[in-house]
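Written out below as C-alpha cells is the structure these notes cover.
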Amino acid sequence: MNTKTKSMTRRGLLGAMGLAVVALPLPRFLAWAKQPAKQVGMGWATGGTAAMTGASAYPNPFTSQVGAACKLTCEQVVGPCYGSTKVRKDISEGHAGLPVRLAFRILDETCKPVPGASVDIWHAGPEGVYSGDDQHPLCNPHDEKARAAHWFRGVQTTNDEGRVDFNTCFPGWYKSRTVHIHFTIKIAGTESVTSQLYFEDSLNDDILSTQALYNTRGVRDTRNSTDKTAAPDKQGDFVLQTQKMSDGALLAWKTFIVRSSTGIPLCNASSEHVKALIKSGVNPADPNTFPSEMLSPEN
C-alpha cells in the first residue's frame, strides 16, 4: 500500500468504503428496544412494522412498463457488515423505528421478470448500528444486544413477476456514510450483482430531523452528495422511489436489471476513491486487509 493511502485518516478510509466505526452512547444502546406502535398525527408512523396497519392496501408500484431497453444494475462494494441472514419478509425483529415496505422487482436484460432469484438485504438500525456477531466488531462496537440480534437482515425469493417485498424500518446513519441499504442478488445460487441503495436527501432530512430514535443523534455528517462510495454520476441510479402511505409508513421501491449469465461484463458504480483503495490492497469485504490505523480509535 502506498504512503499516501496509509497516511489517510481512519475516518476517511472507512468512510470511502462505507465502513466507519460507530460510537454508541448508552441511550442509543438501549433505544432499539421495542416501543408501542403508534402514529404521530397525520405524519410518519413510529413503533416499527407493527404500525403498518394499512399494509394490505399498499399500491403496486410496478404498474408502469420499464421500456424497450433494460440497463444492467451496476455493482458497488459489499462492505464488511454482511453476515448470516434469515429467510423472511419482516426483517425488523420487533425493532422500533419508522416502518418501511421495500418492494423490489428483478428483470433480465430483455426486461422480462426473473422468478426464483434470491434477494438478500442488510442495513443499519435507526441508531446507525448493524446486527450480528459473525462480522468485524467495527460494525457494532461495544453493543452486545446488536451482536446477539439479526435485525435488518433478510432474504426473499422473487415470485413469477420477479418481485420481493420486505418490511423493515428506516435505516439510521453513521459517520462518513449517507443513509443506505446493501443488497445482493443471486440467480440459481450464483451472485449476479451486489450494490447499495439510497434515499433522496430531502426525505432523509425530514425523517432524521423529526422522528423518534432518529432526531436525538445530532446532524449527520454525510449527505448523498458527499458520500464517497458510489461514483457521483452513477449514484442517482440507486436512489429509491418513495411514497408515504396513509398509515404513516414509507413505501420504497426499485427495479433491478440482472445478468442472464455471469459471463456478461458487469458495470462498476464505485467511486474512483474506492477503486484506488481496492487497487492499493484494501478489500472492503475483509477487514483483515485493513491497515492497523483503520481499526484503532480516532483522535
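Looking only at the range 242-283, residues that are in contact (Cβ under 8 Å) with a residue 60 or more places away in the chain, under 30 Å from Asp206 (Cβ atoms) and not in a helix (DSSP H, G or I) come to 18 in all. If you take the residues of the range 254-299 that are of a type in the set (Gly, Ala, Ser) and in contact with a Pro (Cβ under 8 Å, 6 or more places away or on another chain), which of them is modelled with the highest pLDDT? The qualifying residue modelled with the highest pLDDT is Ser271.
Selection of first residues in the range 115-142 that are more than 16 Å from Gly172 (Cα to Cα) and of second residues that are charged (D, E, K, R) and modelled with pLDDT under 95, restricted to Cβ pairs under 7 Å at least 6 apart or on distinct chains, gives the following pairs, ordered by first then second residue: Gly132/Arg147; Asp133/Arg147. Restricting the range 66-105 to residues that are hydrophobic (A, V, I, L, M, F, W, C) and over 25 Å from Leu203 (Cβ atoms) leaves a set whose member that is modelled with the lowest pLDDT is Ala68.
Which of the residues that make up the range 75-92 are in a loop (DSSP other than H, G, I, E, B) and in contact with a helix residue (DSSP H, G or I) (Cβ under 7 Å, 6 or more places away or on another chain)? Of everything in the range 75-92, those that are in a loop (DSSP other than H, G, I, E, B) and in contact with a helix residue (DSSP H, G or I) (Cβ under 7 Å, 6 or more places away or on another chain) turn out to be Val77, Gly79, Pro80, Cys81, Ser92.
If you go through the range 178-207 and keep only what is of a type in the set (A, V, I, L, M) and touching a Leu at 6+ places or on another chain (Cβ under 9 Å), you end up with Val179, Ile181, Val193, Leu197, Leu203, Ile207. When Glu93, Glu75 are checked against the criterion of being within 14 Å of Phe166 (Cα to Cα) and acidic (Asp, Glu), a single residue qualifies: Glu93. Would you call Val164 buried (at least 17 other Cβ atoms within 10 Å of the Cβ), in contact with a Cys (Cβ under 9 Å, 6 or more places away or on another chain) and among the β-branched types (Val, Ile, Thr)? No; evaluated as a whole, the condition is false for this residue. Residues in the range 172-190 that are under 19 Å from Gly97 (Cα atoms), open to solvent by less than 10 Å² (accessible area, probe 1.4 Å) and in contact with a strand residue (DSSP E or B) (Cβ under 9 Å, 6 or more places away or on another chain): Thr178, Val179, His180, Ile181, His182.
Table: residues versus (1) without any contact (Cβ under 8 Å) to a residue 60 or more places away in the chain; (2) open to solvent by 50 Å² or more (accessible area, probe 1.4 Å); (3) among the β-branched types (Val, Ile, Thr).
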position: Thr168; (1), (2), (3): no, no, yes
position: Ser192; (1), (2), (3): no, no, no
position: Ser195; (1), (2), (3): no, no, no
position: Leu203; (1), (2), (3): yes, no, no
position: Val219; (1), (2), (3): yes, yes, yes
position: Ser225; (1), (2), (3): yes, yes, no
position: Lys228; (1), (2), (3): no, yes, no
position: Pro232; (1), (2), (3): yes, yes, no
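Filtered by the rule that a residue be over 16 Å from the mean Cα position of the chain (by Cα), of a type outside the set (D, E, K, R) and within 16 Å of Ser118 (Cβ to Cβ), the range 82-99 gives a lone residue, Val87.
The values are calculated or read from the model by the stated rules, or taken from the named source; none is laboratory data. All values derive from a computational prediction rather than experimental measurement. FYI the Cβ positions are ideal-geometry reconstructions off the backbone, even for glycines, and counts take in every protein chain you see. Calculation scope for accessible area: heavy atoms of the full protein, side chains included, ligands and nucleic acids excluded. Shrake-Rupley method; radii C 1.70, N 1.55, O 1.52, S 1.80 Å.
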